[in-house]
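Worksheet: the structure to be examined is printed underneath.
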Amino acid sequence: VPIVSHQVQLSALDQRPVQSGMADWCKDNDISLIAFGTVGSGILSDGYLGRSAPTQEEKNTASMRMYSNTASRFGSWSLVQDLLKTMNAIAGDVKADGR
């Protein structure tokens, strides 16, 4: 049975499949890359823009604990906020342009 797809964690917080060369390898071998965790359990949403990092009480699911760790690997919460601000600005430009 040929391998036709590979599912990996991939988001603005976690670029390991790209950085490691896995994405290029999959492309070169005609294997579709399927991303999961693209919004990081909501961390990459406007719900976290301008607020503090998820509290221990908010880390009540395996998913939120995993993506909180992913955000920590990405960098400080301030850096995550910079990313969210940039993403929000791009979304605003796209919306304003009617795209």
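Once the Cβ-Cβ distance of residue 89 and residue 7 is raised to the sixth power relative to R0 = 25 Å, the FRET efficiency obtained is 0.25. Residue 16 label point, 7 Å along Cα→Cβ, cut-off 14 Å on backbone N: hits in region 48-71? Those under the cut-off are 66-71.
Can you send over the carbon and sulfur percentage of the accessible area for the chain, probe radius 1.4 Å, protein chains only? Summing carbon and sulfur atoms, their accessible area is 54 percent of the total for the chain.
Taking Cβ atoms as reference points and 13 Å as the exclusive limit, the residues near residue 22 contribute a net charge of -1, counting Lys and Arg as +1 and Asp and Glu as -1.
Per residue, the accessible area of the chain comes to 66 Å², computed with a 1.4 Å probe over protein heavy atoms only. The angle separating the long axis of helix 62-74 from the principal Cα axis of greatest extent in the chain is about 90 degrees.
Stretching residue 29 away from residue 63 to a fully extended chain increases their span by 9.2 nm, per 0.36 nm per residue minus the current alpha-carbon distance. Helix-only arithmetic for the chain: the sum of -39500 (n - 2.57) across DSSP H runs with n ≥ 4, divided by the residue total, places the mean residue ellipticity at 222 nm at -14000 deg cm²/dmol.
Between the helical axis of 77-97 and the dominant principal axis of the chain, each derived from Cα atoms, what acute angle in degrees is found, rounded to the nearest 10? That helix lies at roughly 80 degrees to the long axis.
The values are calculated or read from the model by the stated rules, or taken from the named source; none is laboratory data. Owing to the predicted nature of the structure, the values given are computational and were not obtained by experimental measurement. Cβ: placed from backbone, ideal geometry, glycine included. Neighbour counts: every protein chain shown. Just so you know, the surface numbers come from the protein's heavy atoms only, side chains and all, with ligands and any DNA or RNA stripped out. Shrake-Rupley method; radii C 1.70, N 1.55, O 1.52, S 1.80 Å.
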